[in-house]
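The structure appears below as structure tokens.
The values are calculated or read from the model by the stated rules, or taken from the named source; none is laboratory data. Only a predicted model underlies this, so the values are computations on that prediction, with no experimental measurement involved. Here Cβ is always computed from backbone atoms with ideal geometry, including for glycine, and neighbour counts include all displayed protein chains. Just so you know, the surface numbers come from the protein's heavy atoms only, side chains and all, with ligands and any DNA or RNA stripped out. Shrake-Rupley method; radii C 1.70, N 1.55, O 1.52, S 1.80 Å.
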Amino acid sequence: MEVIIKNDYDGVCMEAASIIQEACRHRSSPVLGFPTGKTPLGLYEKLIGLYNQGEIDFASVMAFTLDEYVGLEASHPQSFAYYMDNHLFRHVNIKGENIFRLNGQPGNIEEHCRSYERKIQEVGGIDVQILGIGKNGHIAFNEPGSSLSSRTRLKILTPETVAANRSFFQDEKEVPRFCLTMGIGTILETKTALLLASGKDKSGVIAKAVEGPVTASVPASALQLHARAIFVIDEAAASGLTNKDYYRWAYENKGRTLNP
Ligand code: PGA
């Protein structure tokens with residue numbers, strides 16, 4: 001596990017963008033996993049900027065989205081499909097046929113989730129899965145208590161999430177109660193998990209996820225079991241970590257060879 005501490009949110013987004021740029025440079029068909037939320041917005045802006053400067057090409061990128069509300073059409077402004085189109089996909093040269101999404105209105109939910117997992121396998125797995133983290137430790141919609149080996153599946157949203165979403169919908173009946181989400185087991189199989197966090201209000205959960213015990217009560221702590229997990233966080237989000245100095249030291253020495 002690697003912890004990269006940047007001064008501020010902008011530094012977090014720049015570092016994450018360069019990790020993704022590097023992954024795209026080294027693969028003919030990079031497979032990327034994309035989250036929604038506030039945190040990745042700055043990263044998506046950087047990726048669009050790099051694309052506009054000819055520094056990254058999405059022509060052969062394959063994209064998988066992490067989760068989706070059940071019941072919303074892709075064109076609904078609150079759907080994650082809409083968010084991804086609006087904040088990234090429509091600004092770059094990614095091909096529509098290379099975007100794979102969890103469908104908020106699947107005919108058969110279980111079959112849809114199984115076929116999503118199959119599709120990930122068919123393309124050779126996800127090279128870089130970008131993640132945010134909830135204050136309660138969730139990754140994707142895997143809320144505390146989610147099985148650490150869970151797969152893509154239907155989840156029931158917490159009452160807090162349902163209540164928080166109420167203001168985004170005109171009619172109470174429209175507010176989603178369910179979602180589809182990649183599981184923690186699905187995320188653990190990605191080749192690189194790139195978790196971003198910014199701000200003091202994430203410091204407690206970052207400390208638990210990075211330095212606390214692996215527990216279903218803090219789903220992000222499962223990333224301690226990931227073969228290549230990278231936490232890119234700012235100083236404020238890092239403020240609860242005990243081993244900060246070591247993470248900085250490791251980052252500074254990363255590029256050095258054994259015989260400098
Ligand atoms: P945020 O959400 O980026 O809006 O803080 C992260 C998450 O809940 O996964």
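A few points about this structure:
- Cross-link table 173/208; 46/200; 119/200; 95/173, entries beyond 30 Å C-alpha to C-alpha: 173/208; 119/200; 95/173
- Amide H contacts under 5 Å for residue 62: 31, 32, restricted to partners 5 or more places along the chain or on a different chain, H placed in the peptide plane at 1.01 Å from N.
- Solvent-accessible area, 1.4 Å probe, carbon plus sulfur percent, for the chain: 51 percent
- Label-to-label distance for residue 93 and residue 28 is 1.8 nm, based on points extended 7 Å past Cα in the beta-carbon direction.
- Of all the options 20, 126, 156, the one that moves most in a Gaussian network model of the chain with Cα springs shorter than 10 angstrom is 156.
- DSSP bridge analysis restricted to the chain gives an antiparallel fraction near 30%, rounded to the nearest 5.
- Karplus (6.51, -1.76, 1.60) ³J(HN,Hα), θ = phi - 60°, over region 100-116, in Hz, Gly and Pro reported as x: 10, 10, 6, 8, x, 10, x, x, 10, 4, 5, 5, 4, 5, 4, 6, 5
- Note that the chain presents 47 Å² accessible area per residue, ligands and nucleic acids not counted, probe 1.4 Å.
- Backbone HN-Hα couplings from phi across region 229-238 [Karplus 6.51/-1.76/1.60, Hz, Gly and Pro as x]: 9, 10, 9, 10, 9, 8, 4, 5, 6, 8
- When 62, 182 are compared by accessible area at a 1.4 angstrom probe, the order from most to least is 62, 182.
- Stokes-Einstein D in µm²/s, Kirkwood radius over Cα pairs - the chain at 20 °C with 1.002 mPa s viscosity: 114 µm²/s
- With all protein chains modelled, accessible area of residue 28 [1.4 Å, Å²]: 100 Å²
- Extending 7 Å from the Cα toward the beta-carbon at both residue 41 and residue 225 defines two label points whose distance is 3.4 nm.
- 87, 26, reordered so the largest accessible area comes first (probe 1.4 Å): 26, 87
- With R₀ set to 35 Å, the beta-carbon distance separating residue 177 from residue 211 gives a calculated FRET efficiency near 0.50.
- Remark on residue 126: its backbone amide H falls under 5 Å from those of 191, a criterion applied only to residues 5 or more positions apart or on other chains, H modelled at 1.01 Å from N.
- Start at zero, step by 5 Å, and the Cα-Cα distances of region 59-153 spread as 2, 11, 20, 25, 23, 14, 4, 1 percent across the bins.
- Label positions at residue 170 and residue 10, each projected 7 Å from the Cα along the C-beta direction, are separated by 4.0 nm.
- Between region 195-237 and region 47-83, the alpha-carbon center distance in angstrom: 24 Å
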